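Written out below as structure tokens is the structure these notes cover.
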Amino acid sequence: NKMKFGIYKKDIQAPLEKLSRLIPRRTTLPILHCVKMDFNGSYLTLTAGSIETTMTIKVNATPIDGETGVVCVDLKQFLGTIKKMPNVGIRLEVEGNTMTINFDTGKINLPLLPAEEYPATPKVDGGKLNVDSKVMSKVEKAFNFTSDSDLRPALCGVYFDTVNGNIVGTNGHAMYMSSGLSKDSGVEPFILTEEAYAGIKGLEVSTIMVGEAHAFIEGENFYITARLIDGNFPNYKSVIPENDVKYISNLEALRTSVDRALLCTDELTSLVMFEFNDAIYVKTRDKEAGTSFKEKVECNGEHKDEVGLNGKYLLSCLNALDSKDVIITFMDNNRPLTIHPMSEDLEENELILLMPMMI
């Protein structure tokens, strides 16, 4: 391989930083610590990732001399070097097993690894799902509710229910569900990994193509190939109660009250109680520390009852919503409490569900 091309520091640093999110910390394949660089004469494609998830980003580059070709270089070392370069154009020169980074006043040599050792990316063939920034913001919320337990891998990702048009994330204690997916895409329901989401976070995604075992996620100048989570997602619709007792309350007032209540909760349980009466009374206590808390939050409900909730989960549930007011539905201590945003948009269907705790 003999290549020489020019590139601006800022044009290559940002893509390398995105790719570094996907590099595995530990691997039996040292080549996966590398970024694969494929120069075709007018642009450079950078590929990196793990066995499960790989990302490719296209970058503009200017040919100076030599041929086109593919090389692999340690990503961490390469990114660390690029970060310390002056903010100007740099020249990358490849000859044999060495890449030279030339800048105005000097040069740095980095060793290369054999590009043929880099694993091939699986080809994905299947139906396409169109997504936009609104859908991706729901996916981001859903990932805040996923589990990190290896015992239930299906709960570690976000479920794209393309049959009912819903995006769902749950850890078994709390659940986020939102409408917004196209129902007529022809794509079978699938579970997207957190690793794949780490790659696309903050980027403009346009389509997700779904095959038997992998998803192909595409946006402007990048694509990701990610293995899907194999397993059955629970029947989430069956746990949504048909509650008819509704309380309407101000979201911000409720959120700040629960946040204050957490100052006085038992650290082991994080138990916060909602006492429903002429208002919602947010209560908690920590017997050992000798602290307690009670605050009245206005609501329009009249049904009298009390429920115990995990305060940390409850706060994350309230933080996931952004309407002025919320509708809380609750029947009894054996069934989940649900929280909906009060929205004038009838197509906007967000629901958060939280399992009760023993008081």
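The values are calculated or read from the model by the stated rules, or taken from the named source; none is laboratory data. Fair warning: this is a prediction, and the values are worked out from it, not measured in the lab. Quick reminder, even Gly has a Cβ in these numbers, built from the backbone with ideal geometry, and neighbours come from all protein chains shown. The accessibility values were calculated without ligands, DNA or RNA, using every heavy atom of the protein model including side chains. Shrake-Rupley method; radii C 1.70, N 1.55, O 1.52, S 1.80 Å.
Applying the set (1) modelled with pLDDT of 90 or more; (2) under 20 Å from Asn221 (Cα atoms); (3) open to solvent by 10 Å² or more (accessible area, probe 1.4 Å); (4) not aromatic (Phe, Trp, Tyr) to Gly41 leaves exactly one unmet item: (1).
Restricting Val205, Val158, Val210, Val135 to those that are of a type in the set (Val, Ile, Thr) and touching a Ser or Thr at 6+ places or on another chain (Cβ under 8 Å) reduces the list to Val158. Of the listed requirements (1) in contact with a helix residue (DSSP H, G or I) (Cβ under 9 Å, 6 or more places away or on another chain); (2) part of a helix (DSSP H, G or I); (3) not hydrophobic (A, V, I, L, M, F, W, C), Lys283 misses just one: (2).
On the given criteria, is Phe78 of a type outside the set (Lys, Arg) and surrounded by 18 or more Cβ atoms within 10 Å (Cβ to Cβ)? Spelling it out, Phe78 is indeed of a type outside the set (Lys, Arg) and surrounded by 18 or more Cβ atoms within 10 Å (Cβ to Cβ).
Whether any residue in segment 191-208 is closer than 22 Å to Lys237 by Cα, of a type in the set (A, V, I, L, M) and in contact with a Pro (Cβ under 9 Å, 6 or more places away or on another chain) is what I want to check. Yes: segment 191-208 contains one or more residues that are closer than 22 Å to Lys237 by Cα, of a type in the set (A, V, I, L, M) and in contact with a Pro (Cβ under 9 Å, 6 or more places away or on another chain). Within segment 59-69, one or more residues are within 22 Å of Lys2 (Cα to Cα), assigned to a strand (DSSP E or B) and within 27 Å of the chain's Cα centre (by Cα).
Condition check: of a type outside the set (Ser, Thr, Tyr), in a helix (DSSP H, G or I), more than 18 Å from the chain's Cα centre (by Cα) and surrounded by 15 or more Cβ atoms within 10 Å (Cβ to Cβ). Does Ala253 satisfy that? Yes; evaluated as a whole, the condition is true for this residue.
Does Lys36 satisfy the condition of being buried (at least 16 other Cβ atoms within 10 Å of the Cβ), at pLDDT 95 or above, assigned to a strand (DSSP E or B) and among the charged types (D, E, K, R)? Yes. In this structure, Glu275 qualifies as more than 20 Å from Tyr176 (Cα to Cα) and in a strand (DSSP E or B). Annotation note: Cβ proximity below 6 Å between a residue of segment 9-26 that is more than 11 Å from Leu46 (Cβ to Cβ) and a residue that is of a type outside the set (A, V, I, L, M, F, W, C) and open to solvent by 50 Å² or more (accessible area, probe 1.4 Å) (sequence gap 6+ or interchain) occurs for Lys9/Asn87. When Val88 is tested against (1) exposed (fewer than 11 other Cβ atoms within 10 Å of the Cβ); (2) within 24 Å of His33 (Cα to Cα), only condition (2) is not met. Residues that are assigned to a strand (DSSP E or B), open to solvent by less than 50 Å² (accessible area, probe 1.4 Å) and among the basic types (Lys, Arg) do not occur anywhere in segment 240-249. Do we have any residue at all in segment 200-217 that's of a type in the set (A, V, I, L, M), modelled with pLDDT of 95 or more and either under 13 Å from the mean Cα position of the chain (by Cα) or at positive phi (or both)? Within segment 200-217 (the criterion being of a type in the set (A, V, I, L, M), modelled with pLDDT of 95 or more and either under 13 Å from the mean Cα position of the chain (by Cα) or at positive phi (or both)), the answer is no, since none of the residues qualifies.
Of the strands (runs of 3 or more DSSP E) that lie entirely inside segment 289-342, those containing 3 or more residues that are touching a residue at least 40 places away in the same chain (Cβ under 8 Å) span 305-310, 325-329, 337-341. If only residues of segment 92-140 that are over 27 Å from Glu52 (Cβ atoms) and among the β-branched types (Val, Ile, Thr) are counted, the one that is surrounded by the fewest Cβ atoms within 10 Å (Cβ to Cβ) is Thr105.
Yes/no per residue for (1) without any contact (Cβ under 8 Å) to a residue 24 or more places away in the chain; (2) farther than 19 Å from Asn333 by Cα:
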| residue | (1), (2) |
| --- | --- |
| Leu181 | no, yes |
| Pro189 | no, yes |
| Gly199 | no, yes |
| Glu212 | no, yes |
| Ile217 | yes, yes |
| Asn243 | no, no |
| Leu262 | no, yes |
| Val282 | no, no |
| Asp286 | yes, yes |
